[in-house]
1. Given the criteria open to solvent by 30 Å² or more (accessible area, probe 1.4 Å) and β-branched (Val, Ile, Thr), does Thr177 qualify?
2. Going by the structure shown, is Gly222 part of a strand (DSSP E or B) and either under 23 Å from Val169 (Cβ atoms) or open to solvent by less than 40 Å² (accessible area, probe 1.4 Å) (or both)?
3. Residues Val189, Val169: which one is touching a Cys at 6+ places or on another chain (Cβ under 9 Å), open to solvent by less than 20 Å² (accessible area, probe 1.4 Å) and touching a residue at least 24 places away in the same chain (Cβ under 8 Å)?
4. Identify all residues within segment 33-71 that are open to solvent by 60 Å² or more (accessible area, probe 1.4 Å), in contact with a helix residue (DSSP H, G or I) (Cβ under 8 Å, 6 or more places away or on another chain) and either aromatic (Phe, Trp, Tyr) or in a strand (DSSP E or B) (or both); write none if there are none.
5. Please go through segment 98-129 and pick out each residue that is closer than 22 Å to Val261 by Cβ, hydrophobic (A, V, I, L, M, F, W, C) and either part of a helix (DSSP H, G or I) or touching a Lys or Arg at 6+ places or on another chain (Cβ under 8 Å) (or both).
6. Could you run through segment 119-139 and say how many residues are farther than 14 Å from Leu275 by Cα, in contact (Cβ under 8 Å) with a residue 40 or more places away in the chain and open to solvent by 10 Å² or more (accessible area, probe 1.4 Å)?
7. Take segment 130-141 and flag every residue that is over 15 Å from Glu229 (Cβ atoms) and either in a loop (DSSP other than H, G, I, E, B) or touching a strand residue (DSSP E or B) at 6+ places or on another chain (Cβ under 9 Å) (or both).
8. Would you mind stating whether Ala17 is touching a Pro at 6+ places or on another chain (Cβ under 8 Å), modelled with pLDDT under 80, part of a loop (DSSP other than H, G, I, E, B) and open to solvent by less than 30 Å² (accessible area, probe 1.4 Å)?
Amino acid sequence: MVVALLSALGPIAVAGASATAGSDPATANPLANPATNRQPPPFSIEGGRCSPPPGASSAEPSSTWDCQSPCLPHYDDFAFNGSPACNDLLLKSINEAQAAEHLPGFTLPSNFAKLTVPEQMFVLVDLERISRGVPPLVGLSPYLGPPAETAAQEAQDPAFQPAYGRVQVWYPPKGGTYAFGGAWSGNVVNALAAMFGWMYDDGWAGKNATRNIACSGPASRGCWGHRDELLGEYTGTTCADCIAGGGYASPAARNWEESYVLLLVRPVQFPTPLLFTWDGNVLPNLPRGWERVHAA
């Protein structure tokens, strides 16, 4: 069984008031969290029944055995798996979790399998944001990608900086909280699995069943921290110019087989150079009827 450990960054405060950057009351609160966690689909974290391939001798090593799981098809062989069958398994679970929150669910863009892991994470977090009425992150920044990649290689949260190259992080002029957030996940089979953990398995599930290492108890402030940050707890749930950087490493430091990082900020100045955008690279590959969500 693969155990995913997730961590979340908290707010970075500056002198003055302690109000959260960019947060505004809304009729429907996109930061309302579920009452309970949802478990990831079993075949995304374990292989199920495994057996030697047809015709194999009893001397064959168990590493050659085939397993039921479309995400972990080979015994004792954990690896990234972006196959259609594994993606479909996790997307089905995400849409079931969406339905439980009375949300519409979503389909993936037609080119999803051809995207890089950071691009896939960007697409998924925007689909999650849009489903809750939060404006999508505009694009992936060349200045946020390298620090996210470094964090993924080091298997840890992205480090906060007041500026990432030419991208300065916004904060309230009278003091408050930097408009910044980040999330890390380790040892999950693909970007869909990382997003499932961040969005639906991020709260308290008991002493030995809580995957979010920042959620140390039922009343811990770290519970649902990934979800809240990705939906705009510190960047604002109406931010229409927020940008992101993604990182992926395999292997990563401290014996992590897979490591995923997503970093997002509200920049002081916009527009800013982008490598991959929601409007230009994602929308054309989604079903007709999708529209960019704008802040009110």
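The values are calculated or read from the model by the stated rules, or taken from the named source; none is laboratory data. On a predicted model such as this, the values are computed, not experimentally measured, just so you know. Neighbour counts run over all protein chains shown; Cβ positions are idealised from the backbone, glycine included. For accessibility, only protein heavy atoms count, side chains too; no ligands or nucleic acids. Shrake-Rupley method; radii C 1.70, N 1.55, O 1.52, S 1.80 Å.
1. So Thr177 fails the test.
2. Values: part of a strand (DSSP E or B): no; either under 23 Å from Val169 (Cβ atoms) or open to solvent by less than 40 Å² (accessible area, probe 1.4 Å) (or both): yes.
Criteria not met by Gly222.
3. Exactly one of Val189, Val169 is touching a Cys at 6+ places or on another chain (Cβ under 9 Å), open to solvent by less than 20 Å² (accessible area, probe 1.4 Å) and touching a residue at least 24 places away in the same chain (Cβ under 8 Å), namely Val189.
4. Across segment 33-71, the qualifying residue is only Phe43.
5. Within segment 98-129, Phe112, Ala113, Val117, Met121, Phe122, Val123, Leu124, Val125, Leu127 meet the criteria.
6. The qualifying residues number 3.
7. Step one: of segment 130-141, the residues over 15 Å from Glu229 (Cβ atoms) are 130-131, 133, 135-136, 138-141.
Gly133, Pro135, Pro136, Val138, Gly139, Leu140, Ser141 - these are the residues of segment 130-141 that are over 15 Å from Glu229 (Cβ atoms) and either in a loop (DSSP other than H, G, I, E, B) or touching a strand residue (DSSP E or B) at 6+ places or on another chain (Cβ under 9 Å) (or both).
8. Numbers: touching a Pro at 6+ places or on another chain (Cβ under 8 Å): yes; modelled with pLDDT under 80: yes; part of a loop (DSSP other than H, G, I, E, B): yes; open to solvent by less than 30 Å² (accessible area, probe 1.4 Å): no.
No; evaluated as a whole, the condition is false for this residue.
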